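Undergrad: Okay, here's the structure, questions in a sec.
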Amino acid sequence: MADSLDLIDMKLLEELQADADRPNVELARLVGLSPAATLHRIRRLKESGIVRSISASLDAATAGFPLQVYVAVTLQRHDEAAHRRFAEAVRSMPEVISADWVTGETDAMLMVLAREVAQLQRVLVRLSTRGGAARVMTLLKLEELKAASPLPLTAELP
């Protein structure tokens with residue numbers, strides 16, 4: 001569906017990324033549509049999968065998670081069963097807030113939140129015992145350099 005996005009869709013998506021809490025009437029005014037047409041477009045964008053969810057962005061440290069740790073994981077085995085086992089283990093851990101398969105020397109990169117070192121240690125042990133990790137490398141996040149940014153929808157447009 002990305003190919004079928006028009007300029008109004010892109011403007012609407014940019015506005016939603018900037019502040020998804022805006023009332024529909026305000027969004028409609030910003031993109032130049034009626035409120036009904038705006039609501040219809042938002043529904044269509046959700047149904048297409050471009051808009052996965054509309055949610056609040058929380059500050060992890062303020063919410064009680066001072067330890068924010070990138071975890072690079074190398075698996076013991078690299079077959080389909082091992083990948084499935086690791087994925088299931090990661091999905092069952094609420095402390096893991098994001099996880100991606102990656103290329104390079106490691107197999108997966110995770111973001112783990114913890115209230116204290118002991119909690120982080122328990123997560124790392126579970127990754128090895130339940131997830132099949134052979135090697136786990138942690139990188140403590142010191143300071144946010146750049147917050148997650150909106151998608152650059154119009155960056156390449158003429």
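Readers should treat all values here as calculations from the given coordinates under stated rules, not as data from a laboratory. The structure displayed is predicted, hence computed values, not measured ones. Counting neighbours? That spans all protein chains shown, and the Cβs are built from the backbone with ideal geometry, glycine included.
Undergrad: Hey, rough spin-label estimate for Glu26 and Gln121, points 7 angstrom out along Cα→Cβ, what's it come to in nanometres?
TA: Each label point is offset 7 Å from its Cα along the Cβ direction, giving 4.7 nm.
Undergrad: Let me check I've understood the local charge: for Met93, count other residues with C-beta under 12 angstrom from its C-beta, Lys and Arg +1, Asp and Glu -1. What total comes out?
TA: Cβ neighbours under 12 Å give a net charge of +2.
Undergrad: Tilt of helix 35-48 relative to the longest C-alpha principal axis of the chain, in degrees (0 to 90, nearest 10)?
TA: So the helix axis and the longest Cα principal axis differ by about 30 degrees.
Undergrad: List the extent of the Cα atoms of the chain along each of their three principal axes, largest first, rounded to whole Å.
TA: 55, 37, 29
Undergrad: A follow-up question, please. Based on other C-beta atoms within 10 Å, arrange His78, His83 from fewest to most.
TA: Starting with the residue having the fewest Cβ neighbours, the order is His78, His83.
Undergrad: Please give the contour-minus-distance gain from Leu5 to Ser34: 0.36 nm per residue of separation, less the Cα-Cα distance, rounded to one decimal in nm.
TA: Numbers: separation 29, 0.36 × 29 = 10.44 nm, distance 1.82 nm.
So the chain would gain 8.6 nm between Leu5 and Ser34.
Undergrad: Give, in whole angstrom and from largest to smallest, the semi-axes √(5λ) of the equivalent ellipsoid of segment 2-48, with λ running over the eigenvalues of the Cα gyration tensor. Don't skip to the answer; put the middle values down first.
TA: Values: eigenvalues 47, 25, 21 Å².
Equivalent ellipsoid semi-axes, largest first: 15, 11, 10 Å.
Undergrad: Among all the lysines, which ones have a C-alpha under 23 Å from Lys46's C-alpha, if same-chain residues fewer than 8 places away are not counted?
TA: Partners found: Lys11.
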